[in-house]
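Coordinate-derived values only; no laboratory data. Computed from a predicted model, the values in this text were never measured in an experiment. Don't worry about glycine lacking a Cβ; one is built from the backbone with ideal geometry, like all the others, and counts go over all protein chains shown.
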Amino acid sequence: MKSFTILTGIAAPMDRANVDTDMIIPKQFLKSIKRTGFGKNLFDELRYLDEGKPDQECTGRPINPDFPLNFSRYQGATVLLARENFGCGSSREHAPWALDDYGFRCVIAPSFADIFYNNCFKNGLLPIVLNESMVDQLFKEMYAMEGYELTIDLARQIVKTPSGESFSFDVDEFRKHCLLNGLDDIGLTLEHADTIRAYEAKKRIDAPWLFDVVK
Amino acid sequence: MAKTLYDKLWDAHLVKESGDGSALIYIDRHIIHEVTSPQAFDGLRLAGRKPWRVDSILATPDHNVPTTQKERANGVKGIEDPVSLIQVQTLDDNCDEFGIVEYKINDSRQGIVHVIGPETGACLPGMTVVCGDSHTATNGALGALAHGIGTSEVEHVMATQCLVAKKMKNMLVKVEGKLGVGITPKDVVLAIIAKIGTAGGTGYAMEFGGQVFRDMSMEGRMTVCNMAIEAGARAGMVAVDQTTIDYVKGRTYAPKGDMWEKAVKNWREFVSDEAAHFDLIVELDGSQIKPQVSWGTSPEMVVAIDDRVPDPANESDPVKREGMIRALQYMGLKANQPIESIYVDRVFIGSCTNSRIEDIRAAAEVVKGKTKASSVKEAMVVPGSGAVKAQAEKEGLDKIFIAAGIEWREPGCSMCLAMNADKLGNGEHCASTSNRNFEGRQGYGGRTHLVSPAMAAAAAIAGHFVDVRNF
């Protein structure tokens, strides 16, 4: 996994509550058996005016001129500003894959759905929870200033605005450690293989009906 | 110390705790399907890893599979969509390579992951169950800790038999009283979501308690737990009782003989203690719940059948009001329009929420001797598994639907998420027994109304929503 340390980048808006993962990446694109290439279909139904098909070139498709990510001022954005309950619905990890593939490295919102929040950390994408009034302030400042950039310092757990104001955020220690160092958590878990085996051995005695049944 | 059901399930599966609150929990059952597993298998191969415990995994294709007999006749090769074909074939290849038991496309045991888990006894009380699908919470009806995971976690569980997790908070949704005639588990869960909202359960494990759930069948409990995620909770669950034990007994993978007695004794522990602490308790009066219909593009946008489409002008929160206006526009509805005045173009009875035998029976009872309204372009019943389909056919339910002009299909996820050919056209309204009414969920521009199987069946006959209690 790629690491996340300090990021400075243009912020772009997804200004509505309850953005679900179907909206982030519609189902027809989940037929892919790869992890990459989802960026061109991120927010497909909002971004384009026609119905998107899997394996289709997107360059010639009609663009929705009213969708902010299509505005020239938000091109190259790496930080997505969003509203409450971002990423609700389906557990598809294709949602963070699509955000990452598009170029986003960080999503800031007042709240996230649990599974999406968790999936972000597995892909080097940092979800940040700030309270509603802070997020509101960031939205207002971003709309008022073209080229509005935010700096995110994961080690210090702060979001800094162009005026120098900073907001601190919470992040789980273990997740922070993995993200800062780009660590694959399977390797970390396997360091405890003996503990897992010991648990399993006891369980085979206490609850034998759980083993060797489906085969 | 008094513990909740969730506390007990957590404690029983705790392998290792770290100082920062994250923990390793042991996973007893892992169900996989074609959409969220290919990248996980790739990851295993790339790192030269193998599944930790192959016998903990059960696989079946469900999301992409066609539901017409014509396409199903030739198995995987018969799938007309070449991209879907590759995905289903990839699951077969991966399972064969790693020696994982898979109910392949035309195996009589194939079905929707969350239907076959409980049905075969692969998922049992007291277990931890995961699957790369958010509706895994369905299995919580057994008194299990079951939730959806992402693909990286699918790989993690395959490689380590564990999940890195943080303990959730405890929430109790208590519905006391008796449900009225014609009120189903789907109406109960929709009413709960309408009350607490789609983020109401975020961060919580949600236990359903009270008279209504004690009286409810296992199939009904599955419908309720299935939609816990639509209220924001990754896991929904119901305490183990005699109904649970009776349901599990005799299933293919359920313990037998002496082992059965030992297991039952263990399972009976999986109930919340009388004095257990819940961080949040929500109460509803079951006797007041009416048949529910969703009008908008979020599962919390739900009203009773005798109600009207809400008016955004009455909403004070600006973000919510914006959402309502956008939803009305997308759905092509007017504020204050009676729900009964909404006409439907298609009807879908199926999905991991409502495709079990009781659901099919409830729909058949409404349809019996009647005919689909001519204005309804298509109505279909998609059983949740080969076993459900066989049972329904044994009872002659398929004939009731076919006589009414309603299609009887092969098992799969079908129009719930429209990854196969079953989908809504642009602007079409659908009475659907599925779980999500998000924009585009059932097809580009499609307009979903979430209802119970009986309500969907009644809409198919009437052509518009009607109160099944007076039908």
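Compute the Cα gyration tensor for region B:432-471, then decide on rounded, prolate or oblate, letting a ≥ b ≥ c be the square roots of its eigenvalues: rounded whenever a/c is under 1.5, prolate when a/b is larger than b/c in the other cases, and oblate in all that remain.
Prolate, since a/c reaches 1.5 and a/b exceeds b/c.
To make sure I understand, if each residue's beta carbon is the centre and we count other beta carbons within 10 Å, what order do B:133, B:62, A:194 fall in, fewest to most?
Ordered from fewest to most neighbouring Cβ atoms within 10 Å, B:133, B:62, A:194 come out as A:194, B:133, B:62.
Under 10 °C and 1.306 mPa s, how fast does region B:254-341 diffuse according to Stokes-Einstein, given a Kirkwood radius computed over C-alpha pairs? Answer in µm²/s, whole number.
Rounded to a whole number, D works out at 92 µm²/s.
Using DSSP to define loop residues, name the GluC sites (Glu not before Pro) in region B:288-351 whose beta-carbon has at most 15 other beta-carbon atoms within 10 Å.
Sites meeting the loop and neighbour criteria: B:315.
Which GluC sites (Glu not before Pro) in region B:5-100 pass both tests, a DSSP loop state and at most 16 other beta-carbon atoms within 10 Å?
Sites meeting the loop and neighbour criteria: B:80.
Less than 12 Å Cβ to Cβ from residue B:136, Lys/Arg counted +1 and Asp/Glu -1: what total charge do the surrounding residues give?
0
How would you rank B:249, A:202, going from fewest to most other Cβ atoms within 10 Å of each one's own Cβ?
Ranked by crowding around the Cβ, least crowded first: A:202, B:249.
How large is the helix-only mean residue ellipticity at 222 nm for chain A, computed as the sum of -39500 (n - 2.57) over DSSP H runs with n ≥ 4, divided by its residue count, in deg cm²/dmol to the nearest 500?
So the calculated ellipticity at 222 nm is -8500 deg cm²/dmol.
Using 29 Å as the Cα-Cα cut-off, could you pick out the over-long pairs in B:8/B:249; A:215/B:399; A:2/B:16; B:70/B:290; B:16/B:262; A:53/B:167?
Correct reply: A:215/B:399; B:70/B:290; A:53/B:167.
Residue B:336: net charge of surrounding residues, Cβ under 12 Å, Lys/Arg +1, Asp/Glu -1, itself excluded?
Here the charged neighbours net out to 0.
How high is the relative contact order of region A:1-98, given as a whole-number percent (alpha carbon pairs under 8 Å, six or more residues apart)?
It rounds to 49 percent for region A:1-98.
Within a Cβ distance under 10 Å of residue B:308, other residues only, what is the Lys/Arg minus Asp/Glu net charge?
Here the charged neighbours net out to -3.
Taking 7 Å along the Cα-to-C-beta vector as the label spot, tell me the residue A:57-residue A:180 distance in nanometres, rounded to one decimal.
4.6 nm
Shielding by partners for A:83-90, please: the mean number of other protein chain Cβ atoms within 10 Å of each residue's Cβ.
Across A:83-90, the average partner-chain Cβ count within 10 Å equals 6.
Taking the inverse of the average 1/r across all pairs of different Cα atoms in region B:362-471, what Kirkwood radius in Å do you get?
Taking every pair of different Cα atoms in region B:362-471, averaging 1/r and inverting gives 14.1 Å.
Once Rh is set to the Kirkwood radius over Cα pairs, what Stokes-Einstein translational diffusion coefficient, in µm²/s, holds for the protein assembly as shown at a temperature of 10 °C and a viscosity of 1.306 mPa s?
Answer from the Stokes-Einstein relation: 63 µm²/s.
If you rank B:98, B:401 by fewest surrounding Cβ atoms within 10 Å, what's the result?
In order of increasing Cβ crowding within 10 Å: B:98, B:401.
Over chain B, what is the mean sequence separation of C-alpha contacts under 8 Å (at least six apart), divided by residue count, expressed as relative contact order in percent?
With pairs under 8 Å counted, the relative contact order is 17 percent.
Using only C-alpha atoms and all pairs of different ones, pull out the Kirkwood radius for region A:71-189 in Å with one decimal.
Evaluated over region A:71-189, this radius sits at 14.9 Å.
Across region A:154-164, in residue order, what do the Karplus-derived ³J(HN,Hα) couplings come to in whole Hz, using 6.51 cos²θ - 1.76 cosθ + 1.60 with θ = phi - 60° and x for Gly and Pro?
Whole-Hz 3J(HN,Hα) from phi for region A:154-164: 5, 4, 8, 6, 9, 10, 10, 8, x, 7, x.
When the Cα centres of region A:62-139 and region B:245-294 are compared, how far apart do they sit, in Å?
So the two Cα centres are separated by 37 Å.
Region A:27-86: which GluC sites (Glu not before Pro) are DSSP loop and have at most 16 other beta-carbon atoms within 10 angstrom?
Here the sparse-neighbourhood loop sites are A:51, A:57.
Long-range amide H contacts for residue B:32: which residues qualify at under 5 Å (H placed 1.01 Å from N, peptide plane, sequence gap of 5 or more or a different chain)?
Amide H to amide H, under 5 Å and 5 or more residues apart or across chains, residue B:32 pairs with B:58, B:59, B:60.
With the Cα gyration tensor of chain B in hand, give its eigenvalues times 5 under a square root as the equivalent ellipsoid semi-axes, listed largest first in whole angstrom.
The three semi-axes for chain B are 33, 27, 22 Å.
Want the number for residue B:96 to residue B:261: 0.36 nm per residue separation, take away the alpha-carbon distance, what's left?
Value of the extension gain: 55.9 nm.
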